[in-house]
1. Among residues belonging to the stretch 222-244 that are among the hydrophobic types (A, V, I, L, M, F, W, C) and touching a Pro at 6+ places or on another chain (Cβ under 9 Å), point out the one that is nearest to GLY26 (Cα to Cα).
2. Only one of GLY85, GLY15 is in contact with a helix residue (DSSP H, G or I) (Cβ under 6 Å, 6 or more places away or on another chain) and modelled with pLDDT of 95 or more; which?
3. Pairs please, first residue from the stretch 177-188 and on the phi > 0 side of the Ramachandran plot and of a type outside the set (A, V, I, L, M), second anywhere and buried (at least 17 other Cβ atoms within 10 Å of the Cβ) and part of a helix (DSSP H, G or I), Cβ atoms under 9 Å, 6+ apart in sequence or on different chains.
4. For THR8, are the conditions met, namely being touching a Ser or Thr at 6+ places or on another chain (Cβ under 6 Å) and under 21 Å from LEU173 (Cα atoms)?
5. Just one of (1) in contact with a Leu (Cβ under 9 Å, 6 or more places away or on another chain); (2) in contact (Cβ under 8 Å) with a residue 24 or more places away in the chain trips up PRO242, so point out which.
6. Only one residue in ILE230, ILE197 is surrounded by 16 or more Cβ atoms within 10 Å (Cβ to Cβ) and either in contact (Cβ under 8 Å) with a residue 24 or more places away in the chain or part of a helix (DSSP H, G or I) (or both). Which one?
7. Among the residues of the stretch 62-72, is there at least one that is buried (at least 24 other Cβ atoms within 10 Å of the Cβ) and assigned to a helix (DSSP H, G or I)?
8. Would you mind stating whether LYS241 is at pLDDT 95 or above, charged (D, E, K, R) and farther than 25 Å from GLY13 by Cα?
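The values are calculated or read from the model by the stated rules, or taken from the named source; none is laboratory data. Given the structure is predicted, the values throughout are model-derived calculations rather than measurements. Cβ sites come from the backbone with ideal geometry, for glycine too, and all protein chains shown count toward neighbours.
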Amino acid sequence: MNKAVLITGCSTGIGYTCAHALQSQGYQVIATCRKAEDVERLKQEGLTCIQLDLADSNSISNAVKEVFAITHGQLYALFNNGAYGQPGALEDLPTQALREQFETNFFGWHQLVTEILPIMRRQNEGRIIQNSSVLGFAAMKYRGAYNASKFALEGWTDTLRLELAGSNIHISLIEPGPIETQFRANALRAFRRWINIEQSVHSKQYQQQIARLEKTTSNNAFTLPPDACIAPLLDALTAKKPKIRYRVTTPTKVFAILKRILPTRTLDKILQKAA
């Protein structure tokens, strides 16, 4: 049987692209989507796809049972990818908005890994790949909820890596940076749901953020297509010693260097302009 890989967040973007790419490489891909209509669409495209809502504990547990039924109790790898960005200044975000951000971007990932790890330990091998962000180590304004979820993910992943030492289960982070996906459209919906623009001291700056999020394509010259994540994902799945972090885009690589060498206040000025 071909090695089985579970991928979350496959309706569009990185998850969708990587699911098709891995299947073409001979992996037994189990893709997941939150919406039933997206599950059916991917099935029509020839993928094995099941429903999984990372904000729903029961949905996660049911999906894990379904995965093990499909794979006869085996799973080589998990690519944790499903997430969204909640824009808005931290002082304008209700606590519930932050809770929902963490439910999908962090707590759901935690539950999924903890339910899958026992199988990987029994089979004495496994790969866990976490799709993080440049915003997992370099914070930008008006992205505080997302920054916080990805910073948490990075620390969580570093800890689990230490706890998996000697287990033959490898965990890696992919840090993409700007990738051309539907991330902005999803973020705009979350922004409009939770932020009261008119009553905010940031209302003027929010108009710029809305204009950015409403664009169908990015104006960032360094933005790459989702397939830029295929090569690092394949390396994380196949390398004898996979990298701890795969930095995909130029901004991610540059900011990783700048964070090491620049004083914090100097880096803040650069991040203010980058935002």
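1. Applying the first criterion (among the hydrophobic types (A, V, I, L, M, F, W, C)) to the stretch 222-244 yields 222, 224, 228-231, 233-234, 236-237, 239, 244.
This time we only want the ones that are touching a Pro at 6+ places or on another chain (Cβ under 9 Å), so: 222, 224, 228-229, 236.
Working: PHE222: 31, LEU224: 25, ALA228: 19, CYS229: 18, ALA236: 16 Å.
The extreme case among them is ALA236.
2. So the residue among GLY85, GLY15 that is in contact with a helix residue (DSSP H, G or I) (Cβ under 6 Å, 6 or more places away or on another chain) and modelled with pLDDT of 95 or more is GLY85.
3. GLY177/VAL134; GLY177/LEU135; GLY177/PRO251; GLY177/THR252; GLY177/PHE255
4. yes
5. For PRO242, the failing item is (1).
6. From the options ILE230, ILE197, the qualifying one is ILE230.
7. So far as the stretch 62-72 goes, yes, one or more of its residues are buried (at least 24 other Cβ atoms within 10 Å of the Cβ) and assigned to a helix (DSSP H, G or I).
8. yes
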